[in-house]
Amino acid sequence: MKETQTIKRSEMLFERALKRIPGGVNSPVRAFGSVGEAPRLIASADGSHLTDVDGNTYLDFIGSWGPMILGHNHPVVLEAVQEACTHGLSFGAATEREVEMAELICSLVPSIEMVRMVNSGTEAVMSALRVARGYTGRSKLIKFAGCYHGHCDAMLVKAGSGVMTAGIPDSAGVPTSCTKDTLTAGYNDLDYVKRLFELCGNDIAAVIVEPVGANMGVVPPEEGFLEGLRELCTKNGSLLIFDEVITGFRLGLSGAQGHFGVNPDLTTFGKIIGGGMPVGAYGGRKDVMEMVAPLGAVYQAGTLSGNPVAMAAGLAELRLLRDTPDFYEKLHQKSERLFEGMKEILREAGSSYQLNYIGSLGSLFFTPEKVKDYASAKTSDTEAFARYFSHMLRAGIYLAPSQFEAMFVSAALTEEEIERTLTAVREYFL
Ligand code: HOZ
């Protein structure tokens, strides 16, 4: 977008939104608060592009925060949704598609023997934690600073994502009784987790982790970290939960667990499994999932869970990912060209930056420190990030409006668009 292009309609609508929606948005990061820009209100999207209400187009590196791995408006997903709509929008009853969805997920992710569909990643996490507590009869949970597991009460402790830029490490409205059993460790700090297990191993129901941190910017696990968590959980009779809301079906068909070869007991999903519709899921070992009502004593329910239209979108997207030859290889090669190109520019620009990436997820941190956890991510100069963000936005490149979110690459991105992005990065840094 050029400086001369207008954002008048976005501004006018946002003014109206501020009067009737808290902060003008339905999810905090969208307010662009930490980058000092007016949010662009989006009217439509297609392939690798977004178009705002003023008619400006942007190359989209958010992809609805993950689901749009195929790009926007993929015809196969759209057709599946349109076809499903003609049969009814919601039945509140069991359907054939949800059986197919459960079978498909179990066939693609080896650690999953049974799965329950819900409506969001938050719901998936909340339910998985309840199942873990029900199964083990224990109450304590270990989470990692900077990991974000949605906005359920027990997980709003040193959470990543919007919580990091909002400067509220522990949310108001969450009674201490809801978080007193949440223990927090540093990401990649296996020794600390060992100490927690030494102190109260018999009380720990579960360790929950993003197998690749993607809500404090992208922070991959160091060698041995996930394996170490697996070992500790097995040894102490605790469950290991991988939150694959972002990495599921993004790093590969079997997610981060397939990529790293570490099997959790339970996994949570969201984003890609809904193909852009509001869907989440949790699943894992049969003996654990058999705890869920009506089979077992852990209660969890939902009117719109397994919604037929949402299932149609998710099934179409997952089947495409499964059936497109070399889908992930090609996406990762494309991402590598982009991220390695950025690294080269950053090297030329000096050493005050870090670029972490894995597969089609990446983050540029404005810090000279290697970013391996929450503390090192927090050393980033967020004002410098905001200046970079504004430059990119004006060049027509739509990045996540926060230092602590990921850059998502979609299969719709073309070579020409990668070059265009690198040119904008070069213009900023060199
Ligand atoms: N929780 C998302 C970022 N990790 C933001 C979701 C949204 O604003 O749509």
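On the given criteria, is residue 21 within 16 Å of the ligand (Cβ to nearest atom), among the hydrophobic types (A, V, I, L, M, F, W, C) and more than 23 Å from the chain's Cα centre (by Cα)? Write out each step before concluding.
Details: within 16 Å of the ligand (Cβ to nearest atom): yes; among the hydrophobic types (A, V, I, L, M, F, W, C): yes; more than 23 Å from the chain's Cα centre (by Cα): yes.
Yes: the conditions hold for residue 21.
Identify all residues within the stretch 324-339 that are part of a helix (DSSP H, G or I) and surrounded by 13 or more Cβ atoms within 10 Å (Cβ to Cβ); write none if there are none.
Residues of the stretch 324-339 part of a helix (DSSP H, G or I): 327-339.
Answer for the stretch 324-339, where residues must be part of a helix (DSSP H, G or I) and surrounded by 13 or more Cβ atoms within 10 Å (Cβ to Cβ): 327, 328, 331, 332, 334, 335, 336, 337, 338, 339.
Taking the criterion of being crowded, with 24+ Cβ neighbours inside 10 Å, in contact (Cβ under 8 Å) with a residue 40 or more places away in the chain and in contact with a Lys or Arg (Cβ under 6 Å, 6 or more places away or on another chain), would at least one residue in the stretch 259-271 satisfy it? Yes - at least one qualifying residue is present in the stretch 259-271. Quick check on my filter: what residues within the stretch 1-45 are farther than 23 Å from residue 384 by Cα, charged (D, E, K, R), surrounded by fewer than 14 Cβ atoms within 10 Å (Cβ to Cβ) and touching a residue at least 12 places away in the same chain (Cβ under 8 Å)? Residue satisfying the conditions is 8 alone. Evaluate the following for residue 12: is it more than 16 Å from the ligand (Cβ to nearest atom), modelled with pLDDT under 95 and either part of a loop (DSSP other than H, G, I, E, B) or over 25 Å from residue 246 (Cβ atoms) (or both)? No; evaluated as a whole, the condition is false for this residue. So residue 197 passes all but one of these: (1) modelled with pLDDT of 95 or more; (2) within 16 Å of the ligand (Cβ to nearest atom). Which condition number does it fail? Of the numbered conditions (1) modelled with pLDDT of 95 or more; (2) within 16 Å of the ligand (Cβ to nearest atom), the odd one out for residue 197 is (2). Within the bounds of the stretch 233-245, is there any residue that is part of a loop (DSSP other than H, G, I, E, B), surrounded by 24 or more Cβ atoms within 10 Å (Cβ to Cβ) and within 16 Å of the ligand (Cβ to nearest atom)? Yes: the stretch 233-245 contains one or more residues that are part of a loop (DSSP other than H, G, I, E, B), surrounded by 24 or more Cβ atoms within 10 Å (Cβ to Cβ) and within 16 Å of the ligand (Cβ to nearest atom).
Among the residues of the stretch 63-81, those identified as within 15 Å of the ligand (Cβ to nearest atom) and on the phi > 0 side of the Ramachandran plot are 63, 64, 65, 66.
Residues checked against (1) within 29 Å of residue 272 (Cα to Cα); (2) touching a His at 6+ places or on another chain (Cβ under 7 Å); (3) among the hydrophobic types (A, V, I, L, M, F, W, C):
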{"position": "365", "(1), (2), (3)": "yes, no, yes"}
{"position": "386", "(1), (2), (3)": "yes, no, yes"}
{"position": "402", "(1), (2), (3)": "yes, no, no"}
{"position": "417", "(1), (2), (3)": "yes, no, no"}
{"position": "425", "(1), (2), (3)": "yes, no, yes"}
{"position": "428", "(1), (2), (3)": "no, yes, no"}
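Checking 92, 66, 71 one by one, the residue that is in contact with a Lys or Arg (Cβ under 9 Å, 6 or more places away or on another chain) and not basic (Lys, Arg) is 66 and no other.
The residues on offer are 428, 374, and the sole one that is away from the ligand (no atom under 16 Å from the Cβ) and touching a residue at least 12 places away in the same chain (Cβ under 8 Å) is 428. If you go through the stretch 340-362 and keep only what is assigned to a loop (DSSP other than H, G, I, E, B) and either surrounded by fewer than 18 Cβ atoms within 10 Å (Cβ to Cβ) or of a type in the set (Asp, Glu) (or both), you end up with 350, 351, 352. Here residue 344 passes the criteria (1) closer than 27 Å to residue 74 by Cβ; (2) among the acidic types (Asp, Glu); (3) without any contact (Cβ under 8 Å) to a residue 12 or more places away in the chain except the one numbered (1). For the stretch 204-232, the candidate set comprises residues that are under 20 Å from residue 135 (Cβ atoms) and out of contact with any helix residue (DSSP H, G or I) (no Cβ under 9 Å at 6 or more places or on another chain); within that set, the residue that is surrounded by the fewest Cβ atoms within 10 Å (Cβ to Cβ) is 231. Considering the conditions (1) part of a loop (DSSP other than H, G, I, E, B); (2) within 16 Å of the ligand (Cβ to nearest atom), residue 93 is excluded by exactly one of them, (2).
In the stretch 46-62 there is no residue matching the filter, namely being among the small types (Gly, Ala, Ser), outside any helix (DSSP H, G or I) and within 16 Å of the ligand (Cβ to nearest atom).
Just name the residue that is nearest to the ligand (Cβ to nearest atom) out of those in the stretch 119-165 that are hydroxyl-bearing (Ser, Thr, Tyr) and touching a helix residue (DSSP H, G or I) at 6+ places or on another chain (Cβ under 8 Å). Walk me through how you get there before you give the answer.
Step one: list which residues in the stretch 119-165 are hydroxyl-bearing (Ser, Thr, Tyr), which gives 120, 122, 127, 135-136, 139, 148, 161, 165.
From the residues that got through so far, the ones that are touching a helix residue (DSSP H, G or I) at 6+ places or on another chain (Cβ under 8 Å) too are 135, 139, 148, 161, 165.
Values: 135: 27, 139: 26, 148: 6, 161: 4, 165: 10 Å.
In this case the residue turns out to be 161.
Checking each residue in the stretch 121-145 for being farther than 18 Å from residue 238 by Cβ and surrounded by fewer than 20 Cβ atoms within 10 Å (Cβ to Cβ) picks out only 122.
The values are calculated or read from the model by the stated rules, or taken from the named source; none is laboratory data. Given the structure is predicted, the values throughout are model-derived calculations rather than measurements. With ideal geometry, Cβ positions are generated from the backbone for all residues, glycine too; neighbour counts draw on all protein chains shown.
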